[in-house]
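First the structure, in the form of structure tokens, and then the observations on it.
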Amino acid sequence: MSEREHIFETDRSGASAVEFALIAPVLIFILVAIFGYGLMFMTAMSLNQLGADAARSTIAGLSLEEKRQLASSHLSIAASDYILLEPDAVTFNLTEGADRRTTKLEVIYQPESHPIRYFEGILPIPDMTFRSTQSIREHR
């Protein structure tokens with residue numbers, strides 16, 4: 001074995017750089033996925049909390065129309081408190097059960113622009129329509 005061949009077998013100075021080059025894309029993808037899906041989960045949890053608060057606000061209403069006004073008022077004011085929610089993109093449906101004691105509130109959020117859109121070419125992004133359904137049963 002020549003001296004030159006012996007140097008290549010024992011020289012490990014570039015091994016760390018090669019290993020990093022192989023592993024770094026995977027680690028970066030994992031970090032991007034954690035951040036991107038974290039944004040989606042935070043949006044869904046924010047909408048769920050907003051819907052729960054809006055549903056609780058309807059308890060004071062005596063008629064379905066009054067409950068609808070209370071929910072609308074609460075949603076328009078409180079939606080701006082959540083950093084990932086655009087208040088103009090939040091809509092809702094309010095229905096009353098057959099027993100007239102149960103109120104069902106569905107809050108729908110379809111964002112025009114959301115930070116997750118930056119990752120569309122990198123991550124598989126599901127449908128960007130977020131929904132939260134809350135039910136309140138009044139005890140009379």
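A short reminder: the numbers here are calculations on the coordinates, not readings from a lab. Owing to the predicted nature of the structure, the values given are computational and were not obtained by experimental measurement. When we count neighbours, we look across all protein chains shown, and the Cβ atoms used for this are built from the backbone with ideal geometry, even at glycine.
Some points to look at:
- Reported count of residues in segment 39-98, each being within 22 Å of the chain's Cα centre (by Cα) and of a type in the set (Gly, Ala, Ser), is 13.
- Strands (runs of 3 or more DSSP E) wholly inside segment 61-140 that include at least 1 residues being of a type in the set (S, T, N, Q) and in contact (Cβ under 8 Å) with a residue 40 or more places away in the chain: 102-109, 130-137
- Residue that is farthest from Thr43 (Cα to Cα) [pool: residues in segment 101-140 that are hydroxyl-bearing (Ser, Thr, Tyr) and buried (at least 16 other Cβ atoms within 10 Å of the Cβ)]: Thr103
- Complete set of residues in segment 115-140 that are in contact with a Ser or Thr (Cβ under 7 Å, 6 or more places away or on another chain) and not β-branched (Val, Ile, Thr): Phe130, Ser135, Arg137
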